[in-house]
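These notes concern the structure reproduced below.
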Amino acid sequence: MMTSGKSKKSLHLGILGYPLGYSLSPLMHTAAFEALKAKGISGSYNEFPVPPEALDSWLDGVSSLGLDGFNVTIPYKEKLFSWVKANGKIKYPHEEWIGAINTVRIENGQWEGSNTDAPGFLDVLSQIDIRHRVGKVPLRKRRVVLLGAGGAARAVAFALIWHARIGELVIWNRNRLRSEGLAENLVRLCGEGAGRECEIRVQDDLSEADLDEATLLVNTAPVS
């Protein structure tokens with residue numbers, strides 16, 4: 001739940017993406033506001049299905065909407081990272097490595113962007129049941145296959161390399177150029193950020209060996 005740092009007020013939030021309608025965020029936030037009524041906190045959560053050609057004008061006019069913040073989903077996580085970096089600030093230094101945000105907080109006209117995808121993914125890993133054991137998936141120096149190369153993929157890849165310290169990441173995406181761009185950034189993350197070597201591979205087709213020898217398969221590609 002995003003807030004502007006003030007309690008006992010009405011919050012105006014929403015989600016930006018295109019297209020929308022599949023997201024559960026409106027349902028979850030509406031339920032959260034209902035639960036917070038007893039604490040004097042109310043609010044609204046709206047969908048903003050903004051097509052790419054209208055995004056810049058929407059961003060320029062956000063102040064007129066009276067938003068305290070909004071979530072960001074496909075396909076704008078990387079675009080909003082660049083926009084907020086130029087016009088506001090990114091909350092945590094390590095998120096510069098991710099290059100994508102999914103949350104924007106607005107207070108007194110100032111924008112602050114952050115990424116909750118990476119810690120959320122790590123939280124899921126900490127609870128997953130694998131081979132009848134509850135606890136973190138053993139990923140150190142292991143292979144992971146990642147489907148997708150967008151904003152969510154960037155956050156997952158960061159978490160896998162920086163925190164889980166995997167040894168190899170195999171990337172598949174329908175657009176190879178996006179995969180190669182992500183791989184290039186991750187090679188830099190390994191060497192300059194994490195201070196170690198790790199193998200990053202882009203695959204046009206995943207083989208049985210790629211999957212059989214992988215400890216984890218992560219799908220961040222949009223469902224179509």
- Residue that is open to solvent by less than 30 Å² (accessible area, probe 1.4 Å), over 12 Å from LEU13 (Cβ atoms) and among the aliphatic types (A, V, I, L, M), where the choices are LEU67, LEU80: LEU80
- Task: Residues being open to solvent by 10 Å² or more (accessible area, probe 1.4 Å), touching a Lys or Arg at 6+ places or on another chain (Cβ under 8 Å) and either in a helix (DSSP H, G or I) or touching a residue at least 40 places away in the same chain (Cβ under 8 Å) (or both): count how many of those fall in the stretch 155-182.
- Result: 1
- Query: Which one of VAL187, VAL218 is in contact (Cβ under 8 Å) with a residue 40 or more places away in the chain and within 20 Å of GLU95 (Cβ to Cβ)?
  - Reply: VAL218
- Message: Filter the stretch 20-40 down to the residues that are under 18 Å from ASN71 (Cβ atoms) and open to solvent by less than 50 Å² (accessible area, probe 1.4 Å) and list them by number.
- Response: LEU20, SER23, SER25, PRO26, HIS29, ALA32, PHE33, LEU36
- surrounded by fewer than 18 Cβ atoms within 10 Å (Cβ to Cβ), modelled with pLDDT of 90 or more, part of a helix (DSSP H, G or I) and out of contact with any His (no Cβ under 8 Å at 6 or more places or on another chain), is that true of LEU217? no
- Which one is modelled with the lowest pLDDT among residues in the stretch 5-19 that are open to solvent by less than 10 Å² (accessible area, probe 1.4 Å) and touching a Gly at 6+ places or on another chain (Cβ under 7 Å)? LEU11
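The values are calculated or read from the model by the stated rules, or taken from the named source; none is laboratory data. Quick caveat: nothing in here was measured; it's all calculated off a predicted structure. In this analysis, Cβ positions are derived from the backbone assuming ideal geometry, glycine residues included, and neighbour counts consider all displayed protein chains. Heads up: the accessible areas ignore ligands, DNA and RNA and are worked out on the full protein's heavy atoms, side chains in. Shrake-Rupley method; radii C 1.70, N 1.55, O 1.52, S 1.80 Å.
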